[in-house]
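Here's the structure, in structure tokens; my notes come after.
Every number here is computed from the coordinates shown, using simple stated rules; none is lab data. In this text, all values refer to a predicted model and were calculated from it rather than measured experimentally. We place every Cβ from the backbone using ideal geometry, glycine too, and count neighbours over all the protein chains shown.
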Amino acid sequence: MHDARPSVDGSSRAITVRAPWIERASWALYDFANTIFSMNVATLYFSVWLIADLHASSTVFALGNGLSSLLVVVSVPVLGALSDARRRRKIWVVLFTVAACVACAMIGVLGQTTLPIAGAETLRGTSLPAGWTPGIGTFGWVLLAFVVANYAYQAAQPFYNAMMPELAPPEEQGRLSGIGTAVGYVGTIVGLILIFPFFSGAVPMLGAMPARVMDGLRAMVPFTSHAGRVSTFVPTAMLFLLFSLPLFFFCRDHDPVKEKVPVSFRRAFGDLWQTLRDTRRHPGVLPFILSSFLYQDAIGTITSFMALYAVKAMGFAQGTETTLFLVLTIPAILGSYIAGRLVDRYGARRTLLITIVCWIVLLLAMIAVPTQRAFWGVGLAVGLIFGGVPTAERPLLLSLVPSEEAGRFFSLMLLSSRAAAVAGPLIWALTVDHMEPTMGTGIAYRAAVITVVIMFALSLLLLRLVPSDSRLRALPAVG
């Protein structure tokens, strides 16, 4: 048991008791669930399906990704205000998760009913229709489904993160955050293994599945009979929903406001500006939010395009990028747990600084390596540090603000990163689309990685302005 301790500004920053293990485990398992979506849709299959299989431009994907981020920017202030006013976070996680799952499934349904069954071409030796010259209008309904799915997935995150202060006392939040991130990477591995057969009829690193077994799986899961990347979206949605159910059933809001508190759209955006002004009362919040604006954009950009980088710049064969991501995720499990322990021992800020420095060094190494074998080595190191940012940033923000204001500041952090996410993938896409015709694919994609390195470097400079966790506990809030 842990007694609540008021902070120096008089607000309670600790829960009165540690939540039951079933709640903490169910909360962490949601990281398992949403990383299945994040890897299989946002990182691995959707962008490669559009660009490599259907010959869309990188800009088409970047526009869809940017639109979903803009929707987050517009809506989350209202939702965050509702969350904090009524102290109900779970309902928003549930609603957005269900919406993301339905929209994710619709990508697969629409992809097989409104577009050529691309993605199976490399498996069956067929090709796209003669004269196929797709534009953004070609992918209208599929892009809309992706926008809704990606928006709902992102919009659930601030409410999910804001549940953490009710689950563990401050001195254990780094560990809980690290466990959640590590469990999330286990989800990535499980998701990759379970979804890959729907793409290729094989199990990563083990080979082809018996035809009878594969036919049975395709009969159980609708819209998967054609193989290829287009057949991965429906089973991904099903797994996302399945592993979210423990949070739906076992987690709860511990101190909700029973009466309905009216929150207007206009007031919500007024509260957003008030939250921005309130950053002055909490030392370090503003540079941290600005740093998050950049490093989240950098991570989102490299995550969205890394599969394409492996295929286009490093020459990985179609389909082998799944094995690459599967292997690279394994060290992320250990790395996330280690990052959580480092947060509790040395502080969230120091852990975050080290992680970003490592990102910069490894991305430069990624540009420089000439062979696929060397790329594997860099990738394994990236996997080891990949969970450091989400593991450290949640406890760092919670150390900067009172727990009862966590929802609106997590929303502000999401807004900053989503606003930046409009720019990062678009800069990458424009760099590749502009340079590839004249400079070649390898140079174009390596130049795009440089833009990500610049974002990380700028975020590092801003993060150095954030006081360390230990100093913050001794500082009074600024009035």
request  = Could you point to the residue in Ile333, Gly424, Thr371 farthest towards the positive end of the stretch 284-427's charge dipole, with +1 and -1 charges on the Cβ of Lys/Arg and Asp/Glu respectively?
outcome  = Thr371
Cα centroid separation, the stretch 146-163 to the stretch 439-456 (Å) = 29
remark   = If Glu166, Glu172 are placed from fewest to most neighbouring beta carbons inside 10 Å, the sequence is Glu172, Glu166
request  = Sort the following peptides by mean Cβ neighbour count (other Cβ atoms within 10 Å, averaged over residues), highest first: 378-391, 21-34, 353-366.
outcome  = 378-391, 21-34, 353-366
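In debye to the nearest 20, how big a dipole does the stretch 159-243 give about its Cα centre with +1 on each Lys and Arg Cβ and -1 on each Asp and Glu Cβ?
Values: 4 positive and 4 negative charges, 89 e Å.
Using only the charged Cβ atoms, the result is roughly 420 debye.
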